[in-house]
Structures are given as structure tokens and as C-alpha cells.
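See structure below.
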Amino acid sequence: MSEFPKQGGISTGDGMYGILKTLGSDEEADSSTPELSDDEGYVECISDIDILNKLKEIHKPNEAETIMLHHRLESPEVSKEFDSIIIVENIPQIDPKGEKMEKLEIILRKIFSRFGKIVNIYFAKETNAMLKGFMLVEYQSSDSAEQAKKIADGYIMDKSHTFTINLMTEVVEALGMSDEFKEQTPLAYPGERQGPLWWWAMKEDAHDQYAILHQGSNTDLSNSDVHLSLWWNTGSVPRYIVERLKWSMLGFTWSKQGTFLVTVHPQGAAIWAFESFERFQKYPHFGVKLVDISPGENYVVTCSLPQSEDDQNVKIWNLLTAKVVKTFSVESVVIYPGGRDKPAKWPLIQWSYNDEYFGILSLANQSIKVFQSDCMKLLDDKVIHIPNIQDFSWRPTGSNVLAYWFPEQNQKPAQVALMSIPTRAIARQKNLVGVHDCELKWTENGRFLLCKVIHYISKSRKQNKTKTAFEVFSIGQDREIPVISIDAGESVTAYALDQNGNKIAVMSSEATKDVIGHQSTLKFFSVDPSRASNPFLKDMTGVYASHLSWSPLGQYLVAAAISQNTGDLIFIDATEFSVINRQNHTGFTDIQWDPTGRYLCSYINYMTRATECSYALWTFYGRCYYKFTIPFLYAFKWRGRPPKVLTEGEQLEIQKNIAYYQKIFEQKDKKAQRNEADKLFKKYRAMFNDFMDVKNCIKDRLHELETSLNKRLDSTMDEENFDIEIVESFDKEKVEIIK
């Protein structure tokens, strides 16, 4: 798939399709959005014809629409009539019978009559008689229509309405003029992703990638501009991929499957793909600060801050077509506990694992709004009312189940519950008492839901002393969902659930602000339902951490002491409950595992700690194989990996023959290490040869200077000896005369 064109060109999404579709139906069409200007020096790499052909693959009208189109396009004479018609998107949506309509029509006629005589203007209307947000303008000549598109496309009517204009002929061509519609199928997006879009995962070595946002280029660290650079993680010295100046001005992220790189700019967001990292699509949203991509990579969510009173500042976009499919207001979704310019939680919109549904928490209305993504409508046209609900979370895979909790109220206990969607049936619930707070976390495989519950110790709750317990929901093949309760004690400073196993690690400590690590203990518990009566496994003393992080593949755990004065990293084998290695990265602020679970990155984020920054790459057993210092480091993120394409049987077969594959990979690793060593040797040999060349050059020059100086000295000595001989001869003659 190639890159889509600029906003000023042909609109490439549901807007055109929806507009022409409206001529034969009353379904909802989306409005367009303001222009997102291209980066300086940007050059288009795809023609308009290619875009239209791609749209034919993406959109497939139904039979009624096809008949309507063919009826309108039966003869060349009829098709030529479209040359003089333009489609104007993103006009105000008002009541056509209201007082503002007459004024609006006068303004629009005044704007578009500048380009030629207007024959007719058609305003599309909703079923509720409101304007849909676009209109058709028919001119007397095609030249007038082309002039209007050329000049008025991107015209800013007011702060909320910026025109997007297309010729009707472009829309018709995009939808097609032949019977090919009947044979075409929608774009096979997942299949195409396995090709060029997943190119890095198809490489023989299958190395992972990471990106860093930093100030200073790869070759000039003193450069004051912001750069985004991408690297291969080779297990030794990282290999440079690409770096671009001002590629992202306000941060970046990867999509969950790693297919797209998402960058944020003052004008909006953009996504990049393919081996060349060309722009795949852009999402114009002025003032955008936060961006998210749905787990199935079908939708993009943007949020602009701060919010004006009438602004729908949360937008959901179709990732492929870059058309807005739904908008919300932040204040209608969440409450701002810490200030107006920061939402309570991001992402605001929570997606089901397959993008079939998305939910929004409304604290003000004490409800969850679950929408169907295919039609962007409320499920069963009803919200899910849950009195005093505080949070909810979707199961990350397997089934559409959401977990939620609410505190005690009116002498009713607090509750954590699992709800199946779309039936809304409660699959499991657990009542709790004396709850101060609760936190919900799923494992990536959807096997366990961990609820960290903070209980008041005193029944009166006046002393504010609390203790921590964990309620673990185990979701397996059986209908019954057992819940394991784990009492972790009073002083829990960190915890983490094995993402690919059945253990939970808990750091408890009597640490204070003045004394760090005093009487700290790392405890391990089992969340296996068979050990519900005795979940305790092992404790390890002498290990302090403010943060615990499991390898994505399980077994290995890192206990990190994130502090300005310390930087301890303790690598632990949770199978043997033993410390593998102790390392240090002074002042680091964050750690991240790569998707394979074999490598870890620790880094200093300048936004967290204003000091000289660096990042270090470690193996799972604690060997640092690369460390790089950079003045200003703003973000580090590993690229995600596509879902597994092997069946469970194929994976089991690989596990049975793991020793065979291990030898192969060890040989490849040794070969790669030898190649790196050879490169390093050649580099140092070249440096040494350059040094010797300079040394020999200087030596030869010194020899020349010495020879020249000796000659001059010899010449001076000969003259002095001659003068002495003359004087001596004169003196002898003088003596003889006197005698």
C-alpha cells in the first residue's frame, strides 16, 4: 500500500463515499476536518489515480448504490454534467428551518459565487432535518468548479469549520463506473500487513527495533533541534536505521502490533509505515496532545488540550481513511481531579481486544458507555449504569469481558465484577469491605485479573492506616472463575504479576523518605487456583526496589531502585528465587523490556530528571552490552511485535526441538559477535594506521628539519673557522716583524 495524498488534494475516506451515498439514502455521513500541512520539503510519492484505484479496493457500495450510480453514469453526456459540481464538506450543521439558515446560505453563496455563476446549491439533511455538514454546488461551467476547488479548498470559515472541497467527477471515479464493483472485495488488510507492513518481523534475524526522541542529531549532539531516530537491537552494538529532524514535535508511540509509528505535531497526528518509514496517513486535529491506536489497529484516537466550551476535543478516526467517525468532549467523559489541562486517565477510550467494542467511563453519570465500533452507536442504545463506578478494564484477549469496581456506599459492600459483552451478564463478582482504593490489571494473555485492594485496618477509618491485599480472578476453560485472596501486609511499595506465568512478586518495606531499603523483603505468591489455601512461595531479603518488572516471557524479574541518588538493577530468576546479577545505572528514571523478554533498557528521561541523559541495554541476566550518553533524551520505546502466526501445535513442536534451534541461534550469535569483533578490529586497525601515518609524516618532517638545520650549522662553523685562521696568521706575521 502506498502513501495517501495531501489534504489539499483528493479526500480519501468515508467523507466522499458517504456524500454520494447520501444521494440515495439518509444514513449518517461524516464531516471533514481542517488541513494538516505537510512537512517542509515533503514530496508526494503517489498519484491521484493510484489513490482512486486504492479507494475502489477499500469501499464496496451495496447493490442499490451501484444501480443508482450506473443509472446516473449510463452515458458520457450525463457523466460530463458532474464536471461542474463540487462537494463542500464541513459546513455548519444547523436547523434549515431556523433563523440562521438564511444567513448561512447568503454567506456561502457570497463565498462560492466569486468563481462563477451558480446554477444550484443542494444542502444534505439528516433524518431529523438538521444539515449533515456538506453541500453540493453546481456551476454553469466546469472551469468555475475547478477554480473553486483550487482556491477555496482549505478555506477557514470560522474556528470550527474549514472547507474540504472535491470535484464530483473525482468522487464518481473513486467509486467506479463499471460492473467491477460486483467482483471486488474489501482490502485484505491483515494479509497485506504480513507482507510489507510487517517487514521488520520478516527479516531473517528478526531483530527488534526501538526509537528515541532526543535533542541533538546522531552525528552532532550539540544540535538544538529535536530528532527522532530508529535503531536495530542486535544484542551487541545497535545498528542505525534512520533519523529525521522534527519528525515528531510533541512525542511519539508505536501501535500495539508495531505496524505503525505514530507522531504528534501541533497540526495533528500522523502514522508512518513500511521499510522506508513513509507517511501512511495523517489526522488533522489542531492542538492535539494525546494519541492512541486501538489494539486491532483499526482506529486512531486523538485528544486536544485545553478544551474550549463547545469543542468536541476527543476524536475517533478510521485509521485507513483518516475520517472522523465519532467525537466526544473530555468533560463529558471524565472528571478532572488534578486540573483542567490533564485528563484523569489516558487512554480515555478503552477498546475490546478485537476492536469490536469500545467503552467510555462517565463518572458524572456513574455509567459505562459501550459502543459498537462498526456503527459507532451505543450497544442496545443503553448505557450501563453502575452506581459510583470508579474504573473498568477490558480483557486483553480471548473474549469481550470487562472488569469494573465500585466502593462501598449506603451500607452496601464494595465490589469487583466481570461482565460479558454484549449480553451484559455478570460472569463473576467479589464483594469487599473496608476498601480505600482498588486497581485493576490484566495479564497480557487474559488468564488472570489482578485487583490490588487497599483496606482500612481500623474499622473507624480515623487513623488512615491501610494494608494491601490482592484478589486474583482466574479465567480458564471452565465456567467457574475462582478468586484467590492474598494478604500482602501493610507496607507494599511495589508489585508485579507474571505476564506469562502464575506468580506475583510483592515488595514490602518499612522504608521512609529518609531511609531507603530498611528491612525490605521481596515476596513471591502463587496465583494458581490449586494453591488458593496456601499461595505463599518464597521471600528474599536484602532486595529493595521501588519498581518491579517481569520479562514478557516470564521467569525473569528485575527489581529496580529508581532514585536520584541510586540506580540499582537486580536481575532475579523467579524459578530458582535467586539473584542472577546486580548492576547500577545511576539516576535512571524508567525501564522497559523488549517484546522478546530477552533485553531490557534503562534510561534517564530529561523530562523527569533534568540532568545529562543516557540509556543502557541489558540482557535478561544483567550484562550491559551497550550504553550511550546523550544530553537530552525525552522518550525511549520498543517497537511492538505482530501476533504469532504459528499454531499451538507448531509452537509445541518448536519447544520440543528447542535444543536443536538453540544451537543454531548460538552459532548465529557467535558469528554475529565475530563479525562485530572483526568490524571493531578493522576500525581500530584503521585508526592505528592513520595514527602511524601521521606519526611517520611528522617523523619525516622532523628529519628534514634536522637535516636542514645541520647544514646551516655546518656552514656557520666553516665561516667561523676561516676567520680564526686569518687572525692567527696575522698575529704570527706581526710577531716576526717586531723581532
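The values are calculated or read from the model by the stated rules, or taken from the named source; none is laboratory data. Note that this is a predicted model, so its numbers are computed, not measured. No Cβ is skipped: glycine too gets one built from the backbone with ideal geometry, and neighbour counts run over all protein chains shown. Ligands, DNA and RNA are excluded from the accessible area calculation, which covers all protein heavy atoms including side chains. Shrake-Rupley method; radii C 1.70, N 1.55, O 1.52, S 1.80 Å.
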Debye intensity ratio I(q)/I(0), log10, the stretch 568-635, q values 0.13, 0.25, 0.26, 0.27 Å⁻¹ (C-alpha model): -0.37, -1.09, -1.14, -1.20
For I106 and I654 in one chain, what is 0.36 nm times their gap in residues minus the Cα-Cα distance, to one decimal in nm? 190.1 nm
Percent of accessible area on the stretch 518-637 owned by carbon and sulfur, 1.4 Å probe? 46 percent
Cut-off 14 Å between beta-carbons: net charge of the residues surrounding A427, Lys and Arg +1, Asp and Glu -1: +3
Once amide H atoms are built 1.01 Å from N in the peptide plane, which residues 5 or more positions from S373, or in another chain, come under 5 Å H to H? Y357, F358
Please list, in chain and number order, the residues 5+ apart from T589 or on another chain whose amide H is under 5 Å from its amide H, with Hs placed from the backbone. Y603, I604, N605
Net charge contributed by nearby residues that have their C-beta within less than 11 Å of L418 (K/R +1, D/E -1): +3
Just to confirm the filter: which trypsin sites (Lys or Arg not before Pro) across the stretch 642-721 are DSSP coil and have at most 13 other Cβ within 10 angstrom of their Cβ? K644
Calculate the spin-label point distance for N445 paired with N120, positioning each point 7 Å from the Cα along the beta-carbon direction, and give it in nanometres. 6.4 nm
One finds the C-alpha centres of the stretch 433-499 and the stretch 665-684 to be spaced, in Å, by 48 Å
Considering only protein heavy atoms, what is the solvent-accessible area of K369 at a probe of 1.4 Å, reported in Å² to the nearest 10? 50 Å²
Counting other C-beta atoms within 10 Å, and keeping those with at most 16, which DSSP coil chymotrypsin sites (Phe, Trp or Tyr not before Pro) do you find in the stretch 582-657? Y621
One finds the C-alpha centres of the stretch 542-556 and the stretch 92-148 to be spaced, in Å, by 62 Å
Would you please calculate the Kirkwood hydrodynamic radius of the stretch 339-400 over all C-alpha pairs and express it in Å, rounded to one decimal? 12.5 Å
Per DSSP, loop GluC sites (Glu not before Pro) in the stretch 227-327 with at most 14 further Cβ within 10 Å: E275, E309
When Lys and Arg each count +1 and Asp and Glu each count -1, what net charge do the other residues less than 11 Å away from L537, Cβ to Cβ, add up to? +2
What residues have an amide H closer than 5 Å to that of G154, excluding those fewer than 5 places away on the same chain, when H is modeled at 1.01 Å from N in the peptide plane? F163, T164, I165
